[in-house]
1. Can you tell which of G59, G9 is at positive phi, of a type in the set (G, A, S) and modelled with pLDDT under 80?
2. Tell me, please, whether a residue that is outside any helix (DSSP H, G or I), acidic (D, E), at pLDDT below 80 and surrounded by fewer than 10 Cβ atoms within 10 Å (Cβ to Cβ) can be found in the stretch 74-81.
Amino acid sequence: MVSTVNSKGQVTIPKDIRLFLTIEAGDKVDFAVVNGQVILKPIKTLQNFRGSVPTKGQGDIRVERQQAKAAVGKNVIEAME
């Protein structure tokens, strides 16, 4: 697939590549040079995984994050006992 670089150095990622990497508008990507090749990979955050695990929360990301931290803390304390 070929894409053209514009005057700002920007390039459009072809749709097939975006679909394959599950990249959407607003997502962040990382570029790296490995063995003379440029690697593009999406950067996934907790926000990307929201909704993938059932929660007891009410849809508020702050509540979900607090619940997740509490669950992890409980698991760490149990592992240390």
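The values are calculated or read from the model by the stated rules, or taken from the named source; none is laboratory data. These figures come from a predicted structure and were not determined experimentally. Here the Cβ is made from the backbone with ideal geometry for all residues, glycine too, and neighbour counts use every protein chain on show.
1. Details: G9 fails: modelled with pLDDT under 80.
Residue meeting the stated conditions: G59.
2. First pass over the stretch 74-81, keeping only residues outside any helix (DSSP H, G or I): 81.
Add one more test, that the residue is acidic (D, E), and what stays is 81.
The next check asks that each one be at pLDDT below 80; those that pass are 81.
From what's left, surrounded by fewer than 10 Cβ atoms within 10 Å (Cβ to Cβ): 81.
Taking every residue of the stretch 74-81 in turn, at least one turns out to be outside any helix (DSSP H, G or I), acidic (D, E), at pLDDT below 80 and surrounded by fewer than 10 Cβ atoms within 10 Å (Cβ to Cβ).
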